[in-house]
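**Q** Below is one structure. I have some questions about it.
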Amino acid sequence: MSIIDQLEELAIGARLKRLYEYFAKDVVLIYKDEQLNFEPKYFTLYYLISKQGEAGVTEIADELGLTHPGVIHLARELEELGFIESVKSTTDSRRRILRLSEKGKESLPKFERLWAKILTLNKELFNNQQNNLLSAIMETEAQLNEKSYYQRFQEMFNPKGQSTVNVITYDPQYARYFKNLNIEWINTYFTVEEHDLEQLNHPEEHILADGGEIFFAQINNDIAGTCALIKTGPAEYELAKMGVSPRYQGRKIGNLLMEAAIAKARELGGTRIWLGSNRRLIPALSLYKKYGFKEFNAGASPYARADVHMELNL
């Protein structure tokens, strides 16, 4: 599995580009078999001009969703290949328009026969998919036309009039958040381990029953983050399973969870809190150090990913 496959949604741009290249390299071979010196990147420009008869650069850019320089670049290459030509407009001598050349007109029937075959192949390919690719692309484009990607990012991660963050303790209705938030961050950097699943699937048995506590950061009716305080000795607790939803990162939620856990440990008579982490998690390590945690040699750990251990004496 490549890094692009592993990144999934995070590499959607690279994945779409890779998918385009899958199609493009083979379509080039198809054109070559038909003795057509043509690339897929020219298709929409050539097709648009063939249907409209002639068109200006600005008109083409608006229709195809391309930049003005992008259209000029493609048009120049297509003109060098002899399929189109640039001429003065008959209505405005200052304006130049693009139209099919004689070669472009002569080649058009051959292109149209080939495009009909490609259309048939694509329909068969997409219709045999569980999730139709064309439908998914159209749905995504409709969403982004309604609200841009940048606007969505700002609304999700930089909300105005931010609501108050409340730290609450465990209730069975929040168990799924405890699991899902932790699975999300662990899978982002590492691999979920057996010991993780013991605690995430059965928090009441493996955390609460022994005298521990689980905290949740709540914003309105949404759970934004979580962490656990696990009793590991008469006056000793492990700080574990701290995860914050990417949607709410930057809101100091980790700080609030940390403060709640430390206060609870003191309330329960704890004299020491310890944790296991990984040196890749630089923001997390900075948070721990901010609250006074210091590294110590713990020896063995139930987690393969834990290459650093820290402790705080209360």
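The values are calculated or read from the model by the stated rules, or taken from the named source; none is laboratory data. Note that the structure is a prediction, hence the values are computed from the model and not measured. Cβ placement follows ideal geometry from the backbone for every residue including glycine, while neighbour counts extend to all protein chains displayed.
**Q** Inside region 145-200, can you point out the residues that are within 22 Å of the chain's Cα centre (by Cα) and acidic (Asp, Glu)?
**A** Within region 145-200, Glu146, Glu155, Glu184 qualify.
**Q** For Gly211, indicate whether it is in contact with a strand residue (DSSP E or B) (Cβ under 6 Å, 6 or more places away or on another chain) and either surrounded by 16 or more Cβ atoms within 10 Å (Cβ to Cβ) or not small (Gly, Ala, Ser) (or both).
**A** When the stated conditions are applied, Gly211 does not pass them.
**Q** For region 154-171, check the following and say yes or no: at least one residue is charged (D, E, K, R), over 18 Å from Asn278 (Cβ atoms) and surrounded by 13 or more Cβ atoms within 10 Å (Cβ to Cβ).
**A** Checking region 154-171: not a single residue is charged (D, E, K, R), over 18 Å from Asn278 (Cβ atoms) and surrounded by 13 or more Cβ atoms within 10 Å (Cβ to Cβ).
**Q** Now a separate question. With the checklist (1) on the phi < 0 side of the Ramachandran plot; (2) of a type outside the set (Val, Ile, Thr); (3) at pLDDT below 95 in hand, flag the one item Phe215 doesn't pass.
**A** Single failed check for Phe215: (3).
**Q** Go over the candidates Gly70, Gly104, Gly13, Gly82 one by one and state the one that is of a type outside the set (A, V, I, L, M, F, W, C), over 27 Å from Tyr149 (Cβ atoms) and part of a helix (DSSP H, G or I).
**A** Result of the check over Gly70, Gly104, Gly13, Gly82: Gly104.
**Q** Shifting gears a bit: Restrict the check to region 104-127 and report whether at least one residue is farther than 29 Å from Leu78 by Cβ and surrounded by 12 or more Cβ atoms within 10 Å (Cβ to Cβ).
**A** Within region 104-127 (the criterion being farther than 29 Å from Leu78 by Cβ and surrounded by 12 or more Cβ atoms within 10 Å (Cβ to Cβ)), the answer is no, since none of the residues qualifies.
**Q** Moving to a separate point now. Go through the residues of region 270-281 one by one and say whether even a single one is touching a residue at least 12 places away in the same chain (Cβ under 8 Å), out of contact with any Gly (no Cβ under 6 Å at 6 or more places or on another chain), surrounded by fewer than 16 Cβ atoms within 10 Å (Cβ to Cβ) and over 19 Å from Gly233 (Cβ atoms).
**A** Looking through region 270-281, at least one residue is touching a residue at least 12 places away in the same chain (Cβ under 8 Å), out of contact with any Gly (no Cβ under 6 Å at 6 or more places or on another chain), surrounded by fewer than 16 Cβ atoms within 10 Å (Cβ to Cβ) and over 19 Å from Gly233 (Cβ atoms).
**Q** In addition: Could you check region 18-29 and list, in sequence order, the residues that are under 20 Å from the mean Cα position of the chain (by Cα) and surrounded by fewer than 12 Cβ atoms within 10 Å (Cβ to Cβ)?
**A** Within region 18-29, just Leu19 meets the criteria.
**Q** Right, here's the next one. I need the full set of residues from region 287-300 which are farther than 18 Å from Pro246 by Cα and out of contact with any strand residue (DSSP E or B) (no Cβ under 7 Å at 6 or more places or on another chain), in order please.
**A** Matches in region 287-300: Lys289, Lys290, Asn297, Gly299, Ala300.
**Q** Suppose the filter is at pLDDT 95 or above and assigned to a loop (DSSP other than H, G, I, E, B); does Gly292 pass it?
**A** In short, yes.
**Q** A follow-up question, please. If a residue has to be under 14 Å from Ile49 (Cα atoms) and among the charged types (D, E, K, R) to count, how many in region 107-123 make the cut?
**A** The number of residues fulfilling the criteria is 1.
**Q** Find all pairs meeting these conditions: Cβ atoms under 9 angstrom apart; at least six residues apart or on different chains; first residue within region 124-135 and under 16 Å from Leu19 (Cα atoms); second residue outside any helix (DSSP H, G or I) and modelled with pLDDT of 90 or more.
**A** Every condition considered, the pairs that remain are Phe126/Asn132.
**Q** Next up: Which members of region 40-86 meet the condition of being β-branched (Val, Ile, Thr) and surrounded by 17 or more Cβ atoms within 10 Å (Cβ to Cβ)?
**A** Ile49, Val57, Ile60, Val71, Ile84
**Q** Given the condition of a type outside the set (Gly, Ala, Ser), farther than 16 Å from Gly254 by Cα, in contact with a Gly (Cβ under 9 Å, 6 or more places away or on another chain) and not in a helix (DSSP H, G or I), answer yes or no: does some residue in region 295-304 qualify?
**A** yes
**Q** From Glu80, Glu59, grab the single residue that is among the charged types (D, E, K, R), assigned by TED's automatic domain parsing to the domain that holds Trp115 and modelled with pLDDT under 95.
**A** Glu59
**Q** Mind listing whichever residues of region 2-42 are without any contact (Cβ under 8 Å) to a residue 12 or more places away in the chain and under 24 Å from Arg99 (Cβ atoms)?
**A** Scanning region 2-42 gives a single hit, Gln35.
**Q** Residue pairs, Cβ under 7 Å, 6 or more apart or interchain, first in region 230-247 and surrounded by 19 or more Cβ atoms within 10 Å (Cβ to Cβ), second among the charged types (D, E, K, R) and at pLDDT below 95. List them.
**A** Lys231/Asp210; Gly243/Glu184
**Q** While we're on this one: Among the listed residues Arg18, Arg113, identify the single one that is in a helix (DSSP H, G or I), out of contact with any Phe, Trp or Tyr (no Cβ under 9 Å at 6 or more places or on another chain) and within 30 Å of Phe190 (Cβ to Cβ).
**A** After applying the criteria, what remains is Arg18.
**Q** In the list Tyr303, Tyr237, Tyr291, which residue meets the criterion of being touching a Lys or Arg at 6+ places or on another chain (Cβ under 6 Å) and hydroxyl-bearing (Ser, Thr, Tyr)?
**A** Tyr237
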